[in-house]
Amino acid sequence: SQSRYDGFIENGQEGLAGQEHIYIYNLVINGDGQTTQIGAGWLGKKGYANAATNNYIVNCSSIGELSSGAVGSGGIVGAFAAKNGGSLYIRGCSSSGNIGENSGGIAGSYAAQNGGVTCEECYTTGNIGSYAGGIFGSYAAYSNGYIEALKCYTTGTIGSNAGGIFGQFAGNF
């Protein structure tokens, strides 16, 4: 059986703190025809920038579908990005490919759980599945987190209980 992709760069995990002051520029990840793991990101793995501040991802993009079977995935970073006091700034990034259930075109589900993620000048072009968001997946900013989308947009069709920018339950405490 084919293994599922879990991300290109690891900077922390869901239960392990990442490193501070990590800067990623100008990367293109082409995952067309591949499948991500649940909560994975095409560029940053699940838990990217966990408990780590001052992390930046600039002018990066991903190509590839976030399938419905890979719930909570992200086009740039996976689920639980910048949680536990972490901070992540994503600028000028994009993703193409359909966005599956609970996933986010830029950041996966539970991004900024008790942390912070800002997306500026980012966009996605895929259709947005149930509960998903064009920029942030479901439950973004959960538990006192902070998310911000500045000058961001999506062009795909928005599915049931989904949002063009934020997935369902964004900002839910």
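The values are calculated or read from the model by the stated rules, or taken from the named source; none is laboratory data. Note that this is a predicted model, so its numbers are computed, not measured. All Cβ positions, glycine included, derive from the backbone under ideal geometry; neighbour counts span all protein chains shown. All accessible areas refer to the heavy atoms of the entire protein, side chains included, with ligands and DNA or RNA removed. Shrake-Rupley method; radii C 1.70, N 1.55, O 1.52, S 1.80 Å.
Here are some residues: Y89, Y110, Y25. Which one is more than 23 Å from S143 (Cβ to Cβ) and free of Cβ contacts under 8 Å to residues at least 40 places away in the same chain?
Being more than 23 Å from S143 (Cβ to Cβ) and free of Cβ contacts under 8 Å to residues at least 40 places away in the same chain holds for just one of Y89, Y110, Y25, which is Y25.
Could you look through region 83-102, keep only residues that are of a type in the set (S, T, N, Q) and farther than 14 Å from L43 by Cβ, and pick out the one that is surrounded by the most Cβ atoms within 10 Å (Cβ to Cβ)?
By that ranking, first place goes to N102.
Say we look at region 63-82 and pick out the residues that are of a type in the set (V, I, T) and under 8 Å from the mean Cα position of the chain (by Cα); which of these is surrounded by the fewest Cβ atoms within 10 Å (Cβ to Cβ)?
Taking the candidates together, the pick is I76.
Before we move on, is A140 closer than 26 Å to N50 by Cα and not in a loop (DSSP other than H, G, I, E, B)?
Considered against the rule, which asks whether it is closer than 26 Å to N50 by Cα and not in a loop (DSSP other than H, G, I, E, B), A140 comes out as no.
Could you check, for region 128-135, whether at least one of its residues is in contact (Cβ under 8 Å) with a residue 24 or more places away in the chain, hydrophobic (A, V, I, L, M, F, W, C), assigned to a loop (DSSP other than H, G, I, E, B) and at positive phi?
Within region 128-135 (the criterion being in contact (Cβ under 8 Å) with a residue 24 or more places away in the chain, hydrophobic (A, V, I, L, M, F, W, C), assigned to a loop (DSSP other than H, G, I, E, B) and at positive phi), the answer is no, since none of the residues qualifies.
Take region 53-111 and flag every residue that is basic (K, R) and touching a Ser or Thr at 6+ places or on another chain (Cβ under 7 Å).
none
Quick check on my filter: what residues within region 54-85 are hydroxyl-bearing (S, T, Y) and either in contact with a Leu (Cβ under 9 Å, 6 or more places away or on another chain) or closer than 20 Å to Y123 by Cβ (or both)?
Result: Y56, S61, S62, S73.
I need the full set of residues from region 1-45 which are at pLDDT 95 or above and open to solvent by 70 Å² or more (accessible area, probe 1.4 Å), in order please.
Within region 1-45, F8, E10, Q13, L16, Q19, E20, H21, Y23, Y25, N26, V28, N30 qualify.
One residue is enough: does region 143-162 have a residue meeting the conditions under 11 Å from the mean Cα position of the chain (by Cα), open to solvent by less than 30 Å² (accessible area, probe 1.4 Å) and touching a residue at least 40 places away in the same chain (Cβ under 8 Å)?
no
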